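The values are calculated or read from the model by the stated rules, or taken from the named source; none is laboratory data. All figures in this text were calculated on a predicted structure; none of them were measured in a lab. All Cβ positions, even for glycine, are placed from backbone atoms using ideal geometry, and neighbour counts span all protein chains on display.
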Amino acid sequence: MHFKRTFFVLIFLVLAKLGTAQQKELADRIIATVGENIILQSDVEIAFLQEQSKQTEKVLSPDIKCTILDNLLLEKLFLAQGALDSVVVQEEEINAELDRRVKYFTSLFGSKEKLEAYYGKSTAELKDEFTEDVKNQLLSDRVRGKVFSGLKVSPKEVKDYFNRIPKDSIPLFNEEVEIGQIVMFPKVNDEQKALSKEKLLRIKKEIEAGADFSLQAILYSDDPGSASDGGNLGIVERGELVPDFEAAAYKLNEGQMSEIVETPFGFHLIRLDEKRGDKLKLRHILIKPKITNGDVLRVEEVMDSIAHQLKVDSLTFREAVKYFSEDESSKSVGGMMVNPKTGAPYFEKADIEGNLIFTLDQMKVGQYSDVLNHTTQERTGEMKKGYRIIFLKSETSAHKASLERDYAKIQLAAKSEKQQQEMNNWIELHKGNTFFKIDESMKGCAVLDKWTKETK
C-alpha cells in the first residue's frame, strides 16, 4: 500500500475537507527525524484520515499508521539522499508544476474565481503556501525514478514468482469480463473552422494594433485552464506540447507572437515570453470551433451503420476498430479496454462504471451493444462527448489464479515484488548516510524494523 503525498490531493484538498477545527485536534509533535527533515504526528494522522475517507464499508486498522510512517520515512530519505547527490529542482520546474496543478483544479471548479472562493485564498497565495511541498515532491520523485529506472520482469521471473506461491495460497479471482469498444466523436465542420479562424484573425489584428495579449486571452480564449491567467501556460519543454503547437512555439523569439496555428484542440495564437535553453514560457489564445447539431447527427448515423454491420457479421470487430475507432488507448490494443487499476484487460464488476454494468448485464459473450453515449476527459481536463459500441469478448467465472489464464495480473504482482526488493536494497545501501530517529510510540511497528536495524 502506497500513500504518495501529492500536494493538492493530500494537503490542498484533504485539509480543506477536514476543516480547521479537526486539524487543531490532531497531535502535532515530532515522531520521526530523517537527516534535517522531520515527520509530525499530524502528518501521519492526516494521511490516515485521507485513507479512511476512501473506505465505504470498513474501518482501517490502526496498524496502517505504521505503513504510512514507513512511506513518509522513505520520502524523507529520498530528500536527504537527493541533497547528498546534489539533485537540483529548478525554480522554473516548481512554478510549472504549481501552474499545471492550479490549471487542473481551475478546470474542475469551472473558474479561478470559484477555486479561490472555495478556499478563501488567491491562487497566488495557494501557490506560495505549497511551493515547498511541490519542491520536495519533485526532488523525491526524481530520486525515486532513479531507483526504478529500467526495472523490468522477464517471463521466467513471472513464472518463478507464481511457482513460489504455496498451493493453498494461490489467490481466488472474482468474476471478470473482457470488454472491447469502438469510439467516435463528432467532427467540427469546415464552416465552423473558418468562423473560428476569422475570429482569431480579428483578435490578432487587435493585438498588433496595440491591444494587450493577456487581456485578449482573458476575454476570448476557450482554454479554461489558462484563459483566466491571461493565457499563461507556464514553463514548458520539448515533448510536452502537441507537435504543431510545439513547432510554432520554438520558432518564436522572445516577445514575438505566432501566426495562427491549428491543432486538434482548435486555433491558437502563441506568444513567447521567455526562453531559457529548451524551456519556454508561453501564453496562448485558443479559439475552439463549435460542434453543431448537424455534426452530432452525422456521427450518430455512422455509428448506427457500424452497429448494424457488426450485428449482421458484415464487419468484424477488428476491422471496425482499425478503420473507425477514435479512442487511441483501446485502439492500440485491438479495441480492448484496459483496467486502469491493474493494467490488464480484465474488469471485475466493482471496477466498471454503473451505466456500463447495466448494458453488460443485458449482453451475452460475443454480442455488441447498441450505440451508447460516451464521455471522456481530455488532457486539458475538459469533457469530450461522443458515442461508442461495446463488445463483450469474454466472461470468466470466479477461479483460482493460473499462469496461463492470468499472466498479466501475475506479471504485475511479480513486478511489484521486484520493485519492493529493489527499494529495500536501496534503503539498506543509503540509510547509513543519514541520521534517523523514530519516536518510542512507533517502535512496535514491524514494518519499521528496516529503519532501526544496523546496516550490514
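Observations on the model:
- Segments classed as helices (runs of 4 or more DSSP H), wholly inside segment 149-241, with at least 3 members that are touching a strand residue (DSSP E or B) at 6+ places or on another chain (Cβ under 8 Å) and surrounded by 13 or more Cβ atoms within 10 Å (Cβ to Cβ): 190-208, 213-220
- Scope segment 106-137; condition charged (D, E, K, R) and in a helix (DSSP H, G or I); matching residues: K112, E113, K114, E116, E125, K127, D128, E129, E132, D133, K135
- Search result, residues across segment 393-412 that are surrounded by 13 or more Cβ atoms within 10 Å (Cβ to Cβ), out of contact with any His (no Cβ under 9 Å at 6 or more places or on another chain) and more than 27 Å from L310 (Cβ to Cβ): H399, A401, L403, Y407, K409, I410, Q411, L412
- All of (1) modelled with pLDDT of 95 or more; (2) over 30 Å from V333 (Cβ atoms); (3) buried (at least 20 other Cβ atoms within 10 Å of the Cβ) hold for I306 with one exception: (2).
- Test result for K415, surrounded by 14 or more Cβ atoms within 10 Å (Cβ to Cβ), part of a helix (DSSP H, G or I), at pLDDT below 90 and not β-branched (V, I, T): no
- Checked against the criterion of being closer than 28 Å to I438 by Cβ, modelled with pLDDT of 80 or more, polar (S, T, N, Q) and in contact with a strand residue (DSSP E or B) (Cβ under 9 Å, 6 or more places away or on another chain), segment 125-138 contains one or more residues that satisfy it.
- Pick from segment 114-126, criterion buried (at least 17 other Cβ atoms within 10 Å of the Cβ) and within 17 Å of G230 (Cα to Cα), ranking: farthest from the chain's Cα centre (by Cα): E116
- Pairs with Cβ under 8 Å, 6+ apart, first in segment 389-413 and within 23 Å of K322 (Cβ to Cβ), second surrounded by fewer than 15 Cβ atoms within 10 Å (Cβ to Cβ) and of a type in the set (A, V, I, L, M, F, W, C): L392/V365; K393/V365; S394/V365
- If the condition is being more than 27 Å from the chain's Cα centre (by Cα) and among the polar types (S, T, N, Q), then segment 258-281 contributes only S258.
- Against the conditions (1) surrounded by fewer than 11 Cβ atoms within 10 Å (Cβ to Cβ); (2) not assigned by TED's automatic domain parsing to the domain that holds K146, K443 satisfies every one except (2).
- Answer residue from segment 283-295, given it is modelled with pLDDT of 95 or more and aliphatic (A, V, I, L, M) and is farthest from L392 (Cα to Cα) among those: I285
- Matching residues in segment 164-200 - criterion: being of a type in the set (A, V, I, L, M), out of contact with any Phe, Trp or Tyr (no Cβ under 9 Å at 6 or more places or on another chain) and over 23 Å from M337 (Cα atoms): I165, V188, A194, L195
- Residues that are in a helix (DSSP H, G or I), touching a residue at least 40 places away in the same chain (Cβ under 8 Å) and of a type in the set (A, V, I, L, M), drawn from segment 284-337: V296, V299, V302, M303, I306, A307, L310, A320, V321
- Within segment 253-265, at least one residue is within 30 Å of Q90 (Cα to Cα), surrounded by 15 or more Cβ atoms within 10 Å (Cβ to Cβ), small (G, A, S) and not assigned by TED's automatic domain parsing to the domain that holds V183.
- Restricting segment 418-456 to residues that are β-branched (V, I, T) and more than 21 Å from I64 (Cβ to Cβ), the residue that is modelled with the highest pLDDT: T434
- Residue match in segment 348-360 (condition: outside any strand (DSSP E or B), crowded, with 17+ Cβ neighbours inside 10 Å and under 22 Å from the mean Cα position of the chain (by Cα)): yes
- Looking across segment 363-377, the residues that are assigned to a loop (DSSP other than H, G, I, E, B) and not hydrophobic (A, V, I, L, M, F, W, C) come down to K364, G366, Q367, S369, D370.
- Annotation note: of L195, L201, the sole residue that is more than 18 Å from S258 (Cβ to Cβ) and either of a type outside the set (D, E) or in contact (Cβ under 8 Å) with a residue 40 or more places away in the chain (or both) is L195.
- Complete set of residues in segment 71-105 that are assigned to a loop (DSSP other than H, G, I, E, B) and either touching a strand residue (DSSP E or B) at 6+ places or on another chain (Cβ under 9 Å) or among the small types (G, A, S) (or both): S86, Q90
- All positions within segment 60-99 that are β-branched (V, I, T) and either over 26 Å from F435 (Cβ atoms) or in the same structural domain as D229 (by TED's automatic domain parsing) (or both): I64, I94
- Which listed residue, of I410, I438, I427, is within 26 Å of the chain's Cα centre (by Cα) and β-branched (V, I, T): I410
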